[in-house]
1. Could you work out how much longer the chain between Leu7 and Thr126 gets when fully extended? Use 0.36 nm per residue separation minus the Cα distance between them, nm to one decimal.
2. Label-point separation (nm) for Lys75 and His62, each offset 7 Å from Cα along Cα-to-Cβ?
3. Would you mind computing, in nm to one decimal, how far apart the modelled labels at Thr102 and Thr163 are, each placed 7 Å from Cα along Cα→Cβ?
4. Could you check the spin-label model distance between Ser134 and Asn18? Points 7 Å from the Cα along Cα→Cβ, value in nm.
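Nothing in this text is a laboratory measurement; each read-out follows from the coordinates by a stated rule. Since this is a predicted model, take the numbers as computed values, not measurements. Heads up, the Cβs are rebuilt from the backbone with ideal geometry, glycines too, and the neighbour counts pull from every protein chain shown.
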Amino acid sequence: MSSGPPLFYIYVKEIVGNTTYIGVFASRAFADRWLAELRSSGNVKLIKSIKRISSQFYTQQHAGDVEATLTVMPKYRDKVFFMLANGVGLSSPGGLVPPDRTRDVISGETYLIRNKTDPRWYWACTPTGAVTCSRTQRSFFRVSTSPNTTASRPGIGFTEYDTLFLQDVQSGKYIRLGEAVPNRYMARLLLADEGSGPGPLDEGMVGPGSRFSLGQFTGGIDRLGFSMWLLNSGKDSTGERVVMGSVPHSPGEGLCWELL
């Protein structure tokens, strides 16, 4: 019988003083949800106080702010607890908090995108601006918090619930959703010039590139994720497989993809 995901631990360092907390979450997924709901809670004091530096290191302005989140969001009282480190193990923190081996996705860094189910398939961009699935070619993509280079915040770690933008490193162009395919809930992924406007399916966007979610690249089956479509699948097929993204508010046909 499966024991479920392991417990997930974080350090929380007080900025004003020297108090250090340890947070124990039921899983890393709950830690991501806790932070995502805090950011949308409307509690300005706690939002400004608590910052995620990396997956297992947070800061807070004042001692007790992380504990106060459980008053603002009481449903997490049975999914996390915080305790004072009291200096125990601080000279050797790895002996106190088990390290998380999951790779943190950081804004400004570059990644390959691989199919989790069949790792022979990678995303690859073509000179014509198509985003394809290939067993022989692969492209590097830079993730960012904004398609505007002056507004992007390099060094920021993403949680599963954060939105991100993908930029093809070789061409410098951002990925966006194209026109929806008739009778399907999908649209082709294309490369957009930095000076171009939003794509036809990008709601509320003012620049190039479509918003994606890190949750679409965590290796799980996501029905709002991406599928692989064989162009001209009849007798005259070229064999080219393009990446399809889900149209907003549609059921989608997602596959498992991961950032490497």
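1. 38.6 nm
2. 2.8 nm
3. That separation, rounded to one decimal, is 2.2 nm.
4. The two pseudo-label positions are separated by 5.6 nm.
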